[in-house]
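Chemist: This is the structure I want to talk about, given as structure tokens.
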Amino acid sequence: MALHLGDTAPDFTQESTEGTIHFHEWAGDNWVILFSHPKDFTPVCTTELGEVSRLKPEFEKRNAKAIGLSVDPLEDHKAWAGDIQETQGHALNFPLLADADRKVSDLYDMIHPNANDTLTVRSVFIIDPDKKVRLTITYPASTGRNFAEILRVLDSLQLTDNEKVATPVNWNKGDDCIIVPALSNEEAKQRFPQGWDEKKPYLRMVKLDK
Ligand code: BEZ
């Protein structure tokens, strides 16, 4: 069954390029980006895994860890890792699950039979430190993901978990936010003494210094 936002991310034990992963234990107190890719030794996937390796410091700044998956065996993952380093200039530096028995793919509904009945699609899950699913996106096999967007959503989730704000269209860290409609003007004055720009009573833009 498909996972919904707010669901607990299923736990699992599976082999990976960094040894056996007991998922919840491995995640610890971190945010997790769990993503599937269709197949080893394929061009789009090669570029994605190089990019996620390059972005590792950005994930770390956000207390987040990446973990990839495909239904290919561990020996293939290990052989392919050399190609990723050679062609992308970044060595694989996060675990890649070898889900040949489809244990994790089935738990997370990563195989969409009408697209392809054996390979995983490009699923992305952001999972918070309480192990709740906070974002799901599914991309087609032929489209490489934009991991800057995944970082952007992570920034938004981490901000809006701590402040009574939401983030508007095309927001990036540092841009103005929206005061949540549930907060009265009286409450907003306490939280945002710097004031806000009220475009409509329900659309109040605020600058945060974070
Ligand atoms: C790729 O990663 O290049 C790819 C994988 C499956 C289908 C199409 C492209």
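Laboratory data are not the source of any read-out in this text; all were calculated from the coordinates shown. Bear in mind the structure is a predicted one, so any value in this text is a computation, not a measurement. Note that each Cβ is placed from the backbone with ideal geometry, even for glycine, and that neighbours are counted across all protein chains shown.
Chemist: What nm distance separates the two modelled labels at N146 and K61, each placed 7 Å from Cα along Cα→Cβ?
Modeler: 1.9 nm
Chemist: Quick one: compute the contact order of the chain, relative version, from alpha carbon pairs under 8 angstrom and 6+ residues apart, as a percent.
Modeler: Details: 363 pairs, mean separation 44.9, N = 210.
Reported relative contact order: 21 percent.
Chemist: In nm, to one decimal, how far is the modelled label at A2 from the one at K164, with both set 7 Å along Cα→Cβ?
Modeler: My value for the distance between the label points is 3.4 nm.
Chemist: Also: So what is the 222 nm mean residue ellipticity for the chain from helices alone, if each DSSP H run of at least 4 adds -39500 (n - 2.57) and you divide by all residues, rounding to the nearest 500 deg cm²/dmol? Please list the in-between numbers first.
Modeler: Numbers: 7 runs with 66 residues, N = 210.
Calculated from helices alone, the mean residue ellipticity at 222 nm is -9000 deg cm²/dmol.
Chemist: Still on this structure, I have one more. Enumerate by residue number the trypsin sites (Lys or Arg not before Pro) in the range 35-138 meeting two conditions: DSSP loop (anything except H, G, I, E, B), and at most 12 other Cβ atoms within 10 Å of the site's Cβ. Write down the numbers at each step before the final one.
Modeler: Details: sites: K39, R54, K61, R62, K65, K78, R102, K103, R122, K131, K132, R134; in loops: K39, R62, R102, K131.
Answer in residue order: no site qualifies.
Chemist: Something else about it: Expected output is a single nm value to one decimal: the length gained when fully extending between L208 and H90, i.e. 0.36 nm times separation in residues minus the C-alpha distance. What is it?
Modeler: Between L208 and H90, full extension yields 39.0 nm more.
Chemist: Separate question: Can you tell me how the range 120-162 classifies by the Cα gyration tensor, rounded, prolate or oblate, using a/c under 1.5 as the rounded cut? Show your work: numbers first, answer last.
Modeler: On the way: a/c = 3.90, a/b = 1.74, b/c = 2.25.
Oblate, because a/c is 1.5 or more while a/b does not exceed b/c.
Chemist: Can you say what percent of the DSSP beta bridges in the chain, counting only those with both residues inside, are antiparallel? Round to 5. Write out the running numbers ahead of the final one.
Modeler: Values: 21 of 30 bridges.
Bridges in the chain that DSSP calls antiparallel: roughly 70 percent.
Chemist: Mind checking the angle between helix 43-54 and the chain's longest principal axis? C-alpha axes, 0 to 90 degrees, to the nearest 10.
Modeler: Compared with the principal axis, the helix lies near 60 degrees.
Chemist: Work out, step by step, the length gained on full extension between T118 and D11: first 0.36 nm times the residue separation, then minus their alpha carbon distance; give nm to one decimal. Kindly include the intermediate steps, with their values, before the conclusion.
Modeler: Working: separation 107, 0.36 × 107 = 38.52 nm, distance 2.24 nm.
36.3 nm is the gain from fully extending T118 to D11.
Chemist: With the cut-off at 1.5 for a/c, could you classify the range 95-192 from its C-alpha gyration tensor as rounded, prolate or oblate? Before the final figure, lay out the partial values.
Modeler: Numbers: a/c = 3.16, a/b = 2.48, b/c = 1.28.
Prolate, because a/c is 1.5 or more and a/b exceeds b/c.
Chemist: Can you tell me the length gained on complete extension of the stretch D175 to D109, counting 0.36 nm per residue apart and subtracting the Cα distance?
Modeler: Numbers: separation 66, 0.36 × 66 = 23.76 nm, distance 3.48 nm.
My answer for the length gained is 20.3 nm.
Chemist: Also, quick follow-up: Neighbour counts of other C-beta atoms within 10 Å: give me H24, H4 arranged from fewest to most.
Modeler: In increasing order of surrounding Cβ atoms, one gets H4, H24.
Chemist: So, one more: Mind running the shape call on the chain? Use the C-alpha gyration tensor, a ≥ b ≥ c as the square roots of the eigenvalues: rounded below 1.5 for a/c, prolate if a/b tops b/c, oblate otherwise.
Modeler: Values: a/c = 2.33, a/b = 2.07, b/c = 1.13.
Prolate, because a/c is 1.5 or more and a/b exceeds b/c.
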